[in-house]
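Quick one: the structure is below, questions incoming.
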Amino acid sequence: MQPLEIASPRVHDLLQLDSDSLHSTYTGAPSWVRQTLTACPWVVVRRANAPAAQIAVGVRGTLRSERWGRFILKDMFRQLLKPCQLLAFAQSSALSPRTPPFTTLQQLIERWRGLTLPWGPTGSVGFELATGRPVTTSSSDLDVAIRANVRIPLEQARSLYECATGLETKADIRVETPVCGFALEEFAGRGPAAILLRVPRGIVLAKDPWSDEIGSMDPNYAAARSILLTRDCGRLRKNECRCTDMQMNRRKGAATRSTSPGRKRLPL
């Protein structure tokens, strides 16, 4: 597969690390990271605020529990693959569906034939398409990202979601705007209510995912967790609920440390 012209990485993009830079990636890493990256030097861009000239990435191990995040310098990768390129590869190849989520992808390609927004597979299907490493299983879902730099009308969102139901496996579809990411399912069925928006600093509640104000909003983990717990939102949301618990605990820990005797209170 030929790489796209190197551009600024965005969430869900897959990066092939330069072999000469791998040694610096292992610093402070779990033992499985070295073995994983030696065999398959690919990482995924994750949603986090990175220091200047760096990128937030995640390493995918063999087990579901083996996920590790860190920052790398922007010159440490030699190839970038976007979800839309992986979609083009899936469309143009004679790839035989190895597992159910690949069948789901082919079904979604047919149903979304008229969609002009850039979109493509992420998660295990995207990783397998990019690397050739068999990571999907019979129980894997299909993760998809739609890049929507301009507003998606609510009726179009509902149509896209309806077309993505009743497939071979569940399709977890994330819409990415210039300021945040959100679940298509939630946006399509929201009515007048605010929805959960994922930003580099955490999760916020808002009605307009394309608003410039999203970037300045404070994360609201408690409200987000209460929503996650009261909805049947599947595997993706259960993982987000666990992440929300960890973020809440970190915030509480920071507040406790900042108010300890002899310490100056720090802004949260």
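Report the Stokes-Einstein translational diffusion coefficient (µm² s⁻¹, integer) for segment 14-81, Rh taken as the Kirkwood radius over Cα pairs, at 25 °C with viscosity 0.890 mPa s.
My calculation gives 205 µm²/s for D.
In a shell of Cβ-Cβ distance under 12 Å around L86, excluding L86 itself, what net charge do Lys and Arg (+1) and Asp and Glu (-1) give?
-2
Whole-Hz ³J(HN,Hα) for each residue in segment 105-115, computed from phi via Karplus 6.51 cos²θ - 1.76 cosθ + 1.60 with θ = phi - 60°, x for glycine and proline: what do you get?
In residue order, the calculated couplings are 4, 5, 5, 5, 4, 5, 6, 9, 4, x, 6 Hz.
Mind listing the phi-derived Karplus ³J(HN,Hα) values for segment 143-148, rounded to whole Hz, using 6.51, -1.76 and 1.60 with θ = phi - 60°, and x for any glycine or proline?
Going residue by residue, I get 9, 9, 10, 10, 8, 10 Hz, with x marking Gly and Pro.
5 Å is the cut-off here: which amide hydrogens, built 1.01 Å from N in the peptide plane, fall below it relative to I195, excluding neighbours closer than 5 in sequence?
A206, K207
If amide H atoms are built 1.01 Å from N in the plane of the peptide, which residues on other chains or at least 5 residues away come under 5 Å of the amide H of D18?
F77, R78
Within segment 44-78, name every residue whose backbone N is under 11 Å away from a label modeled 7 Å from Cα of S139 along the Cβ vector.
64
Using Cα pairs closer than 8 Å and at least 6 residues apart in sequence, work out the relative contact order for segment 14-81, in percent.
Over segment 14-81, the number comes to 39 percent.
Once amide H atoms are built 1.01 Å from N in the peptide plane, which residues 5 or more positions from K170, or in another chain, come under 5 Å H to H?
Here the answer is L142, since their amide H atoms fall under 5 Å of that of K170.
Over the Cα atoms of segment 83-226, what Rg and Dmax result, in angstrom?
Spelled out, the Cα radius of gyration and Dmax of segment 83-226 are 15.8, 47 Å.
Still on this structure, please answer the following. What does the charge add up to near R151, with Lys and Arg as +1, Asp and Glu as -1, over the other residues with Cβ less than 15 Å from its Cβ?
-1
A further question follows. Distance in nm between label sites at Q106 and Y26, each 7 Å beyond Cα in the beta-carbon direction?
The answer from the label model is 4.1 nm.
How much length is gained on full extension from R151 to S93, taking 0.36 nm per residue of separation minus their Cα-Cα distance?
Stretched fully, the R151-S93 segment lengthens by 17.7 nm.
Just so you know, all these numbers are worked out from the coordinates, no wet-lab data involved. No experiment lies behind these values; they were computed from the predicted model shown. Quick reminder, even Gly has a Cβ in these numbers, built from the backbone with ideal geometry, and neighbours come from all protein chains shown.
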